[in-house]
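Peer 1: Before I ask anything, here is the structure I am working with.
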Amino acid sequence: MNIIHSRNVRAAVSAPKIATLLGTITERQLRAWVEHISVPRHFGAEPEQNRTTADWLCGVFESMGFRVQRQGAYSNIVALPKTSFEEAILVGAHYDSVPMCPGADDNASAVAAMLGCAAACSLWRPILPVVFVAFNREEEGLRGSRDFVESFLPAAAFGVRCAHILEMVGYASSEPGSQRVPTGLPIAISDKGDFLGLLANGRSATVMNFVLRHAKAYVPALPVTGLHVKLGLEKYFPVLSRSDHAPFWARKIAAVMWTDTSEFRNHNYHRHTDTPDTLNYRFLGQVTRLLTACVIA
């Protein structure tokens, strides 16, 4: 396994047009989305709120000009550009929570980042071949993303060039001791939980390096740490396959997981205290701008 830091890579060449567009992404809007989503919304335990969240997501994507469809038995929300394309970049985040949990970081923060990226992409001309997917039932064995990868993608009219999967991207702390190493991983990382973590396997290493270079170019104040898992070692470390990137890896699709490292930083993980006021919206804004820069570039 290799650890790569954004500070140690060569910066990509920034484009003024992209930099200008990133200015449309505001922390105020991201927080408003997080606050709207942050209610218990488990598929089985809180079905009405789960459906209400799905309905709201459909409306937001439609207001941005996307073609929206519900996919599968678990109501994944798929937002497509209004033009056809042969290959797409995919951005995904799950919208469900565990029972009785507001789920602000897990995973309203990621949904907000995805919406921020979608809003920016909708302003770009010509229309970009980017697909946004809000997965359901991630908290129940990744059921939504598995169904999407196994049932939807084989029949889709487009292929996936790469996927950016967002899993908790709103909690950060610069306090020493605020960050722990994920269980069982033979790596050394900072003990300050102020960085964005990226996870890539062999097929997605190039995509992760692309993200690191664009981080240095567009959000140099955001520390980004990438973990490249080589030689198929991910199958020996279950902690590396706990989110919606795993079904993409299983189908040999390049996918990078973006995360604040969940419970290894955020003590509110899967608790009723995972509320909007605990998040760092400056951090979330930086992550959203980086995601947008990478998708458009």
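Peer 1: Give region 138-155 a look and list any residue that's assigned to a loop (DSSP other than H, G, I, E, B) and either open to solvent by less than 30 Å² (accessible area, probe 1.4 Å) or acidic (Asp, Glu) (or both), or say none. So that I can check it myself, show each step before the final result.
Peer 2: Taking region 138-155 and keeping what is assigned to a loop (DSSP other than H, G, I, E, B), we get 138-142.
Those that are assigned to a loop (DSSP other than H, G, I, E, B) and either open to solvent by less than 30 Å² (accessible area, probe 1.4 Å) or acidic (Asp, Glu) (or both): Glu138, Glu139, Glu140, Leu142.
Peer 1: Test Thr259 against the criterion of being more than 25 Å from Arg31 (Cα to Cα) and not aliphatic (A, V, I, L, M), and give yes or no.
Peer 2: No.
Peer 1: Same structure again: Since Asn8 meets every condition but one in (1) open to solvent by less than 60 Å² (accessible area, probe 1.4 Å); (2) under 30 Å from Lys235 (Cα atoms), which condition does it not meet?
Peer 2: (1)
Peer 1: Grab the helices (runs of 4 or more DSSP H) fully contained in region 182-297, keeping just those with 2 or more residues being under 26 Å from Ser14 (Cβ atoms), at pLDDT 95 or above and touching a strand residue (DSSP E or B) at 6+ places or on another chain (Cβ under 8 Å).
Peer 2: The helices (runs of 4 or more DSSP H) meeting that bar are 205-218, 281-296.
Peer 1: Now for a different question. So how many residues does region 262-285 have that are buried (at least 24 other Cβ atoms within 10 Å of the Cβ) and of a type in the set (S, T, N, Q)?
Peer 2: Adding up the residues that qualify gives 1.
Peer 1: Quick one: would you say Gly170 is out of contact with any strand residue (DSSP E or B) (no Cβ under 9 Å at 6 or more places or on another chain), closer than 24 Å to Val131 by Cα and either acidic (Asp, Glu) or in a loop (DSSP other than H, G, I, E, B) (or both)? Let's see the steps before the verdict.
Peer 2: On the way: out of contact with any strand residue (DSSP E or B) (no Cβ under 9 Å at 6 or more places or on another chain): yes; closer than 24 Å to Val131 by Cα: yes; either acidic (Asp, Glu) or in a loop (DSSP other than H, G, I, E, B) (or both): yes.
The answer is yes for Gly170.
Peer 1: If you don't mind, there's one more thing I want to ask. If the requirement is being under 27 Å from Pro238 (Cα atoms) and within 20 Å of the chain's Cα centre (by Cα), which of these qualifies: Leu199, Leu185?
Peer 2: Testing whether each residue is under 27 Å from Pro238 (Cα atoms) and within 20 Å of the chain's Cα centre (by Cα) leaves just Leu199.
Peer 1: Kindly list the number of the only condition in (1) among the hydroxyl-bearing types (Ser, Thr, Tyr); (2) open to solvent by 20 Å² or more (accessible area, probe 1.4 Å); (3) within 11 Å of the chain's Cα centre (by Cα) that fails for Ser174.
Peer 2: (3)
Peer 1: Across region 120-137, what is the total count of residues that are over 22 Å from Gly44 (Cβ atoms) and either part of a helix (DSSP H, G or I) or of a type in the set (Lys, Arg) (or both)?
Peer 2: 4
Peer 1: I've got another one for you. Kindly provide the set of residues from region 247-258 that are in contact with a Ser or Thr (Cβ under 9 Å, 6 or more places away or on another chain), buried (at least 23 other Cβ atoms within 10 Å of the Cβ) and closer than 25 Å to His5 by Cβ, ordered by number.
Peer 2: Once the filter is applied, which keeps residues that are in contact with a Ser or Thr (Cβ under 9 Å, 6 or more places away or on another chain), buried (at least 23 other Cβ atoms within 10 Å of the Cβ) and closer than 25 Å to His5 by Cβ, region 247-258 yields Phe248, Trp249, Ala255, Val256, Met257.
Peer 1: Have a look at Gln49, Gln69 and point out the one that is in contact with a strand residue (DSSP E or B) (Cβ under 6 Å, 6 or more places away or on another chain) and either open to solvent by 60 Å² or more (accessible area, probe 1.4 Å) or touching a residue at least 12 places away in the same chain (Cβ under 8 Å) (or both).
Peer 2: It is Gln69.
Peer 1: Of everything in region 98-147 that's among the β-branched types (Val, Ile, Thr) and in contact with a Leu (Cβ under 8 Å, 6 or more places away or on another chain), which residue is nearest to Glu167 (Cα to Cα)?
Peer 2: Val111
Peer 1: Looking at (1) assigned to a loop (DSSP other than H, G, I, E, B); (2) more than 26 Å from Tyr218 (Cβ to Cβ); (3) open to solvent by 30 Å² or more (accessible area, probe 1.4 Å), find the lone condition where Thr24 falls short.
Peer 2: Evaluating Thr24 over (1) assigned to a loop (DSSP other than H, G, I, E, B); (2) more than 26 Å from Tyr218 (Cβ to Cβ); (3) open to solvent by 30 Å² or more (accessible area, probe 1.4 Å) leaves (2) as the failure.
Peer 1: Condition (residue is open to solvent by 30 Å² or more (accessible area, probe 1.4 Å) and in a loop (DSSP other than H, G, I, E, B)) applied to region 91-105: is it met by at least one residue?
Peer 2: yes
The values are calculated or read from the model by the stated rules, or taken from the named source; none is laboratory data. None of the values given here were measured: they were computed from a predicted structure. We place every Cβ from the backbone using ideal geometry, glycine too, and count neighbours over all the protein chains shown. Ligands, DNA and RNA are stripped out before the accessible areas are found, and what is left, the full protein with its side chains, is counted by its heavy atoms. Shrake-Rupley method; radii C 1.70, N 1.55, O 1.52, S 1.80 Å.
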